[in-house]
Ligand SMILES: Cc1ncc(COP(=O)(O)O)c(C=O)c1O
């Protein structure tokens, strides 16, 4: 494609994007297709000869678009928002056009320096502790953009693991892997599944802590679990608190969790604020960020609630050197002479990095902090509106505390009719929502996601939800004494919860959608993991490492003997028994003073 063709088609694509955004409501929010639909429409091999761009664009509209879920549709209430905005798209276009790969300062000075500036803007806009702001006086911290919140969690965990192992091994030459079986991480049952995945990848144990009825981690159980593990000779090294859980947007009490973590020197506290962390841009939401001064790291996804399109996840750490030393590799071909220029390759997993700071910079500048605050406040007000509508209708209930844009609701029936309600909603193509298990109950997640969402979108959605619900209740002969008619919802006259009518045949209607025994994407720690592990212990170690304690002890002994032999032979073979080092650096936390102040 030459520059003239690029100009022509570029303008067409921009026109297409504008048209798409303007007329998006004419499209179904999500397709009802079967897997494999596209295979039937496209050839099995790439073309040998060039095809015209016009044909490609036509096929895009005819074949690709029908399989697209429109995450920026006013009736998309699923998952969390896929942050998106015109300034962000334009920033991303420029990043693609420039195509620089900013792994070091030298490889793209503007990318490196803008990232530092934008991460500090962002941290200050959220009111984060100064320890995370790299240009704050005395700060040793800072931030970097990552590809996803999952990556942020993994990077934090790997850093915590490196720090804990380094403490355990001291000056010895014991191989790091010897300490893996003693390391244990903690997260609440409501924490995102990316925590479970990170522990799997890092070969460390994960202990899942129960949540209270609001979906917040039980700090008393965390304290007890850590104590028990210390007593059992394990090394607690990583705790994840969540502000804005996926299933119900619950906010863990970071202050109380932080106080527990402070008692054990090997613990790194990570706070996952993928969605709700962005809401700290509002002073009124900062009640939930209290305690962040205890955190070693914190992440948000501006690609969820800050109008920045995927991919963009922000990770801040209070000690950049610890992060960099955990991930530092420095081959000659990546070195350069500007030693005081920041090299972001040491801050994450990939070497190559896109110029992601550009889109965030565009967003901050074109909306201003005030514009971003207005956007989030609008979502909050609309979620409250929806909550009010649901609560007014006694056939329904709201299960979560609605603080931000997420409302978890259900009909006051068993789970089956609620499964069906969600299936009806999604099969209509007119709205899109997802399920979750919150506080032990199946719920439908209704999340305000659309940038320009209005009250009308909420009222329309609610009246459609009620229509589907009424149909299900009628078809399945579930008792309900009143049918609200206004969009605002009418009080139900009967105070009885709905129940199947005695003597009536069971539900006849077939579900059109496969009912999965697993939770959806929105499930947190998987139910299988949660239920199958005695004492809620999930071991991320491979079966090679996870053996019964006796065999483990024998293996250590064997390794230690081997090591001794090698050392005596003058070899530097490096495996030894961890018992020599153990968890001696851990303080006993039985007498944790939970009133201890932060510093
Ligand atoms: C609280 C929380 N943490 C982590 C994640 C994972 O985010 P990502 O898809 O960016 O890895 C999600 C996704 O929704 C989330 O809700």
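Scanning region 88-115 for residues being under 30 Å from residue 434 (Cα atoms) and surrounded by 20 or more Cβ atoms within 10 Å (Cβ to Cβ) gives a total of 2. Just one of the listed residues (189, 218) is within 30 Å of residue 409 (Cβ to Cβ) and within 16 Å of the ligand (Cβ to nearest atom), and it is 189. Based on what the data block shows, is residue 371 touching a helix residue (DSSP H, G or I) at 6+ places or on another chain (Cβ under 8 Å) and either surrounded by fewer than 21 Cβ atoms within 10 Å (Cβ to Cβ) or closer than 20 Å to residue 142 by Cβ (or both)? No, not satisfied.
Quick grid of which residues meet (1) crowded, with 24+ Cβ neighbours inside 10 Å; (2) assigned to a helix (DSSP H, G or I); (3) away from the ligand (no atom under 13 Å from the Cβ):
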{"position": "207", "(1), (2), (3)": "yes, no, yes"}
{"position": "223", "(1), (2), (3)": "no, yes, yes"}
{"position": "236", "(1), (2), (3)": "yes, no, yes"}
{"position": "240", "(1), (2), (3)": "yes, no, no"}
{"position": "255", "(1), (2), (3)": "no, yes, yes"}
{"position": "258", "(1), (2), (3)": "yes, yes, yes"}
{"position": "265", "(1), (2), (3)": "no, no, yes"}
{"position": "269", "(1), (2), (3)": "yes, no, yes"}
{"position": "279", "(1), (2), (3)": "yes, yes, no"}
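Residue by residue, here is whether (1) over 20 Å from residue 90 (Cα atoms); (2) at pLDDT 95 or above; (3) surrounded by 13 or more Cβ atoms within 10 Å (Cβ to Cβ) holds:
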site: 15; (1), (2), (3): no, yes, no
site: 21; (1), (2), (3): no, no, yes
site: 30; (1), (2), (3): yes, no, yes
site: 34; (1), (2), (3): yes, no, no
site: 38; (1), (2), (3): yes, yes, no
site: 45; (1), (2), (3): yes, yes, no
site: 49; (1), (2), (3): yes, yes, no
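A search for C-beta distances below 8 Å between a residue of region 269-291 that is in contact (Cβ under 8 Å) with a residue 40 or more places away in the chain and on the phi > 0 side of the Ramachandran plot and any residue that is more than 10 Å from the ligand (Cβ to nearest atom) and not in a helix (DSSP H, G or I), counting only pairs 6+ apart in sequence or on different chains, returns 291/253; 291/598. Scanning region 407-421 for residues that are crowded, with 20+ Cβ neighbours inside 10 Å and in contact (Cβ under 8 Å) with a residue 60 or more places away in the chain yields 408, 411, 413, 417, 420.
Remark: pairs (first residue in region 7-18, touching a residue at least 12 places away in the same chain (Cβ under 8 Å); second residue surrounded by 13 or more Cβ atoms within 10 Å (Cβ to Cβ); Cβ separation under 8 Å; 6+ apart in sequence or on different chains) = 9/53; 9/57; 12/57; 13/57; 16/57; 17/89. Restricting region 145-176 to residues that are free of Cβ contacts under 8 Å to residues at least 40 places away in the same chain and assigned to a helix (DSSP H, G or I), the residue that is surrounded by the most Cβ atoms within 10 Å (Cβ to Cβ) is 165. From the list 302, 350, the one residue that fits, being farther than 24 Å from residue 78 by Cβ and within 16 Å of the ligand (Cβ to nearest atom), is 350. Criterion first (in a helix (DSSP H, G or I), in contact (Cβ under 8 Å) with a residue 40 or more places away in the chain, under 19 Å from residue 198 (Cα atoms) and in contact with a helix residue (DSSP H, G or I) (Cβ under 9 Å, 6 or more places away or on another chain)) does residue 323 satisfy it? So residue 323 passes the test. Let me spell it out: the conditions are (1) without any contact (Cβ under 8 Å) to a residue 40 or more places away in the chain; (2) touching a strand residue (DSSP E or B) at 6+ places or on another chain (Cβ under 9 Å); (3) on the phi > 0 side of the Ramachandran plot, and residue 368 meets all of them except one. Which number is the exception? For residue 368, the failing item is (2).
Take region 422-448 and flag every residue that is surrounded by 18 or more Cβ atoms within 10 Å (Cβ to Cβ) and farther than 25 Å from residue 380 by Cα. Scanning region 422-448 gives 423, 424.
Just one of the listed residues (198, 123) is within 16 Å of the ligand (Cβ to nearest atom), surrounded by 18 or more Cβ atoms within 10 Å (Cβ to Cβ) and assigned to a helix (DSSP H, G or I), and it is 198.
Looking at this structure, is residue 237 under 22 Å from the mean Cα position of the chain (by Cα) and closer than 23 Å to residue 342 by Cβ?
So residue 237 fails the test.
When residue 116 is tested against (1) in a helix (DSSP H, G or I); (2) within 16 Å of the ligand (Cβ to nearest atom); (3) in contact with a strand residue (DSSP E or B) (Cβ under 8 Å, 6 or more places away or on another chain), just one condition goes unmet, and that condition is (2).
Evaluating residue 285 against the criteria (1) within 15 Å of the ligand (Cβ to nearest atom); (2) surrounded by 23 or more Cβ atoms within 10 Å (Cβ to Cβ) leaves one unmet condition, (1). Checking each residue in region 443-458 for being in a helix (DSSP H, G or I) and in contact (Cβ under 8 Å) with a residue 60 or more places away in the chain picks out 455, 457, 458. Just to be sure before I move on: is residue 187 surrounded by 24 or more Cβ atoms within 10 Å (Cβ to Cβ), outside any helix (DSSP H, G or I) and within 18 Å of the chain's Cα centre (by Cα) in the structure I sent? Considered against the rule, which asks whether it is surrounded by 24 or more Cβ atoms within 10 Å (Cβ to Cβ), outside any helix (DSSP H, G or I) and within 18 Å of the chain's Cα centre (by Cα), residue 187 comes out as yes.
Contact annotation: residue pairs with Cβ atoms under 8 Å, 6 or more positions apart or on different chains, pairing a residue in region 238-250 that is within 11 Å of residue 274 (Cβ to Cβ) and free of Cβ contacts under 8 Å to residues at least 60 places away in the same chain with a partner that is assigned to a loop (DSSP other than H, G, I, E, B) and more than 8 Å from the ligand (Cβ to nearest atom), are 242/190; 242/250; 242/252; 243/252; 243/289.
Checked against the criterion of being touching a helix residue (DSSP H, G or I) at 6+ places or on another chain (Cβ under 9 Å) and closer than 28 Å to residue 342 by Cα, region 178-187 contains not a single residue that satisfies it.
Screening residue 293 against (1) farther than 24 Å from residue 398 by Cα; (2) within 16 Å of the ligand (Cβ to nearest atom) leaves a single unmet condition, (2).
Kindly check whether there is at least one residue in region 274-290 that is closer than 19 Å to residue 184 by Cβ and touching a helix residue (DSSP H, G or I) at 6+ places or on another chain (Cβ under 7 Å). Scanning region 274-290, I find no residue that is closer than 19 Å to residue 184 by Cβ and touching a helix residue (DSSP H, G or I) at 6+ places or on another chain (Cβ under 7 Å), so the answer is no. Given the condition in a helix (DSSP H, G or I) and either within 16 Å of the ligand (Cβ to nearest atom) or surrounded by fewer than 21 Cβ atoms within 10 Å (Cβ to Cβ) (or both), answer yes or no: does some residue in region 306-319 qualify? No; the residues of region 306-319 include none that is in a helix (DSSP H, G or I) and either within 16 Å of the ligand (Cβ to nearest atom) or surrounded by fewer than 21 Cβ atoms within 10 Å (Cβ to Cβ) (or both).
The values are calculated or read from the model by the stated rules, or taken from the named source; none is laboratory data. The shown structure was predicted, so the numbers you read here are calculated from the model rather than taken from an experiment. Glycine gets a Cβ as well: all are built from the backbone with ideal geometry, and neighbour counts include every protein chain shown.
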